[in-house]
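A.B. asks: Would you mind keeping the following structure in view while I ask a few things?
The values are calculated or read from the model by the stated rules, or taken from the named source; none is laboratory data. Since this is a predicted model, take the numbers as computed values, not measurements. Cβ placement follows ideal geometry from the backbone for every residue including glycine, while neighbour counts extend to all protein chains displayed. These area figures cover heavy atoms from the full protein model, side chains too; ligands, DNA and RNA do not enter into them. Shrake-Rupley method; radii C 1.70, N 1.55, O 1.52, S 1.80 Å.
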Amino acid sequence: MTLRPLLGSRRFVVGALFVLGVLTAAVFAAVAAGDPFRTSETILAGPSRAHPFGTDELGRDVLTRILNGAATTLKVAIAPPLVAAVVGTAVGLTAGYFGGLLDEILLKLMEFTLVVPRFLIALVAAAFFGGHLWLVGVVLAATFWPSTGRLVRAEAISLREREFVEASRSFGASSTWILAKHLLLLVAPLVAVNTSFQAGQAALIEAGLAFLGVGDRNLISWGAMLADAQSYLGMAWWISVFPGIALALMILALNLLGDGLADTFDVRGRARL
Amino acid sequence: MLLAAVAAATFVLISLAPGDTAQVLAGQAGADPEYLALIRERLQLDRPLPYQVGSYLQAAAQGDLGFSIIQGRPVRDAIFARLPASLLLAATALALSALLGVTLGVIAAARRGAAVDAVISVFSLVAYSLPVFWLGQLLVALFAVRLHWLPAGGMRSADAPGDIVDVARHLVLPATTFSLLLATLIVRVTRTATAEALGEDYVRTARAKGMSERRVLLRHALPNALRPVTTVLTGYLGIILTGAVLVETVFVWPGLGRLLYDSVLSRDTPMLAGMLLFSASLVVTANILADVLYRVLDPRTRFQ
């Protein structure tokens, strides 16, 4: 499996470039951008040379806040889906390959976790335990891995009866060898597609929680900026439009990544959000 | 069985949260220990956790979801009071999204590779990536705040209670927002499934018989594509409560989503536990409904 064909997918390239761009913006914000909390007397001022994206109700620069908010979105979009990919792949392969009682137990566990929509779980957890970013991350990882696991399990079941697995087994290969050498590589594209869609979802959920006011109040979040904007819709469109565009483009980029991966490795239709 | 596990897990999770229910109930001023003890005894908060979970489950099995002190009425009544508004919004949004999604999906499949297909594909991807609360906010800013065409939120105007036209006017923005969100996945699934059906032998046969392309598409390909679409639609039944939290919050729609949000803010434990259980049972019901619909739509699955 080589990664070169990915560069032929326009969707993948555009998505990847944008995510890299946001990453750069987050680093830039941490190093060089102004103080996102500095207030001024020019409140709710429209876009101008001094403030390209205008200022908010406390006179804070909207552009600076968007740049600083990038880190929050990136953290939550990257870490939980990656953890879920590792756990989900491990559990899914084990359950699918070995089958039997172990499979049944693991499948029940995964189905159980998927019954309540993850946004609800995240909302309730954030409200009761305080919406620290790491807590949101834990809830997301805990609810993402079963959907990855279920996909991988189905794939592993269809793969384990194939001739090359039989052949490998007849040469005396151990189960660990077969899982690590053959199946892992074959489910990898599916997991990659699923993980990038989950990243988009994670960004959306974090913003949704912040919008509802149960996010991490110590961090700048695009969702929270939109919540602040709600009260000034008639007076200052820029405090809603710019953070919204940033958030929408970020999610779009992550979905493009997933789309590009799916096209390239021909796993369309099998990966579910 | 699954539902019981969900209910128990919810209950335990919420009980583990910091904060003392008795203290909250006793009020801001604080209360003497005797009063607190009385509250704890009443609500059985002094019993061990497994006992609390057990008695909650026993009551829930008989349809009794407990009593919400904040709402001042049984949880079940509070849920049923909000259900009509939620159903109105959800049903409208589902119908709109199915209509929009299937139409666009079929057009895209029929014109695969053409410009129309590309446009529809980009549209569904962009719409899928739009945060629903931001879209709602933009629509409110444009149509309510700036143009004054439609109300910004709520379900009824204070001066026109019970007027159907009034409710319909309030419904336009939230239903549009919600259905756009729901339609995106339907477009993609319909396109894939219809395109797949168009490659089948029976389609070739129909074409060979000289049937018009339109008839081939609508009579042969589409019905076979509806099965995956049904999966998506029934899947939506379960998540309607979730999606509705954000939509109903932006548009101040008096449905279940809004109730859930309020219950979260006021830490109304029995209400939340009841609603999570209700939402989980919606998911389970939706799965059963999907199985039934399969049998209706696909004769092959009927005699197994």
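A.B. asks: Excluding the sites themselves, what is the longest stretch of chain A that contains no GluC sites (Glu not before Pro) in a DSSP loop with at most 10 other C-beta atoms within 10 Å?
C.D. replies: The reported range is A:42-160.
A.B. asks: Of B:Leu218, B:Thr269, B:Pro254, whose Cα points farthest to the positive end of the dipole of the range B:212-273 (charges on the beta-carbon: +1 Lys, Arg; -1 Asp, Glu; origin at the Cα centre)?
C.D. replies: B:Leu218
A.B. asks: To continue, here is another question. Looking at the range A:65-224, what % of the alpha carbon pairs are farther apart than 24 Å?
C.D. replies: Roughly 41 percent, rounded to a whole number.
A.B. asks: Same structure, new question: Averaged over peptide B:254-264, how many Cβ atoms belonging to another chain are found within 10 Å of each residue's Cβ?
C.D. replies: Partner-chain Cβ atoms within 10 Å, mean over residues of B:254-264: 2.
A.B. asks: Another question, if that's okay. Which longest uninterrupted range of chain A lacks any chymotrypsin sites (Phe, Trp or Tyr not before Pro) assigned by DSSP to a loop state (not H, G, I, E or B) and surrounded by at most 16 other Cβ atoms within 10 Å?
C.D. replies: Counting only loop sites that pass the neighbour cut-off, the longest clear stretch is A:38-170.
A.B. asks: Tell me the total accessible area that A and B bury against each other, 1.4 angstrom probe, in square angstrom rounded to 100.
C.D. replies: Approximately 3800 Å² gets buried when A meets B.
A.B. asks: Hey, any idea what Rg/Rh is for the range A:117-212, computing Rh the Kirkwood way over Cα pairs? Working shown, then result.
C.D. replies: On the way: Rg = 18.3 Å, Rh = 15.5 Å.
Radius of gyration over Kirkwood radius for the range A:117-212 works out to 1.18.
A.B. asks: So which trypsin sites (Lys or Arg not before Pro) in the range B:174-218 are both in a DSSP loop and have at most 14 other Cβ atoms within 10 Å of their Cβ?
C.D. replies: B:Lys209
A.B. asks: Would you calculate the volume per residue, in Å³, of the smallest convex hull containing every Cα atom of the range A:157-215?
C.D. replies: Per residue, the Cα convex hull of the range A:157-215 comes to 96 Å³.
A.B. asks: Just the accessible area for A:Thr39, please: 1.4 Å probe, Å², rounded to the nearest 10?
C.D. replies: 80
A.B. asks: Limiting things to C-alpha atoms, what are the Rg and the maximum Cα-Cα separation (Dmax) for the range A:142-273, in angstroms?
C.D. replies: 20.9, 73
A.B. asks: So if the hydrodynamic radius of the range A:1-57 is defined as the Kirkwood radius over C-alpha pairs, what does Stokes-Einstein give as its diffusion coefficient at 25 °C and 0.890 mPa s, in µm² per second?
C.D. replies: It comes out at roughly 169 µm²/s.
A.B. asks: Quote the accessible area belonging to A:Met250 in square angstrom, nearest 10, computed with a 1.4 Å probe and with ligands, DNA and RNA left uncounted.
C.D. replies: Estimated to the nearest 10 Å², A:Met250 gives 0 Å².
A.B. asks: Next question, about the same structure. Using the crude model of +1 on Lys and Arg Cβ and -1 on Asp and Glu Cβ, and no other charge, please compute the dipole size for the range B:115-235 relative to its Cα centre, in debye to 20.
C.D. replies: Approximately 400 debye in magnitude.
A.B. asks: Right, next: Run the helix sum for chain A: -39,500 (n - 2.57) per DSSP H stretch of 4+ residues, divided by residue count, reported at 222 nm to the nearest 500 deg cm²/dmol.
C.D. replies: Working: 10 runs with 191 residues, N = 273.
The per-residue figure over chain A is -24000 deg cm²/dmol.
A.B. asks: Restricting attention to the range A:127-193, which trypsin sites (Lys or Arg not before Pro) occupy a DSSP loop and are surrounded by at most 15 other Cβ atoms within 10 Å?
C.D. replies: Details: sites: A:Arg150, A:Arg153, A:Arg160, A:Arg162, A:Arg169, A:Lys181; in loops: A:Arg162.
Answer by residue number: A:Arg162.
A.B. asks: OK, next. Along its three principal axes, how long is the range A:1-113 when you only count alpha carbons? Whole Å, largest extent first please.
C.D. replies: The principal-axis extents, from largest down, are 68, 37, 23 Å.
A.B. asks: In addition: Helix by helix through chain A, keep the DSSP H runs that span 18 Å or more along the axis on Cα and average at least -1.0 on Kyte-Doolittle, and give those back in order.
C.D. replies: Within chain A the helices that satisfy the rule are A:10-31, A:62-98, A:100-115, A:133-160, A:184-211, A:238-265.
A.B. asks: For a distance above 34 Å, tell me the whole-number percent of Cα pairs in the protein assembly as shown that qualify.
C.D. replies: Looking at the protein assembly as shown, the distances longer than 34 Å represent 47 percent of pairs.
A.B. asks: Same structure, new question: For the range B:111-195, what ratio Rg/Rh do Cα atoms give with a Kirkwood hydrodynamic radius?
C.D. replies: Taking Rh as the inverse mean 1/r over Cα pairs, Rg/Rh reads 1.12.
A.B. asks: With a Cα-only, solvent-free Debye model of the range A:63-107, what are the log10 I(q)/I(0) values at q = 0.27, 0.31 Å⁻¹?
C.D. replies: Rounded to two decimals, the profile gives -0.86, -0.96.
A.B. asks: Separate question: Given the C-alpha centroids of the range A:66-106 and the range B:180-211, what is the distance between them in whole angstrom?
C.D. replies: 33
A.B. asks: For A:Lys108, which lysines qualify as cross-link partners when the Cα separation must be under 29 Å and same-chain residues fewer than eight apart are set aside?
C.D. replies: Leaving aside lysines fewer than 8 places away in the same chain, those within reach of A:Lys108 are A:Lys181.
A.B. asks: Given H placed on each backbone N at 1.01 Å, which residues far from B:Phe67 in sequence or on other chains put an amide H within less than 5 Å of it?
C.D. replies: B:Val75
A.B. asks: If you split all Cα-Cα distances of the range B:101-145 into 10 Å bins from zero, what percentages do you get per bin, shortest first?
C.D. replies: 26, 35, 28, 11, 0
A.B. asks: Take the eigenvalues of the Cα gyration tensor for chain A, scale each by 5, and report the square roots as semi-axes in whole Å, largest first.
C.D. replies: Three semi-axes, in Å: 42, 21, 13.
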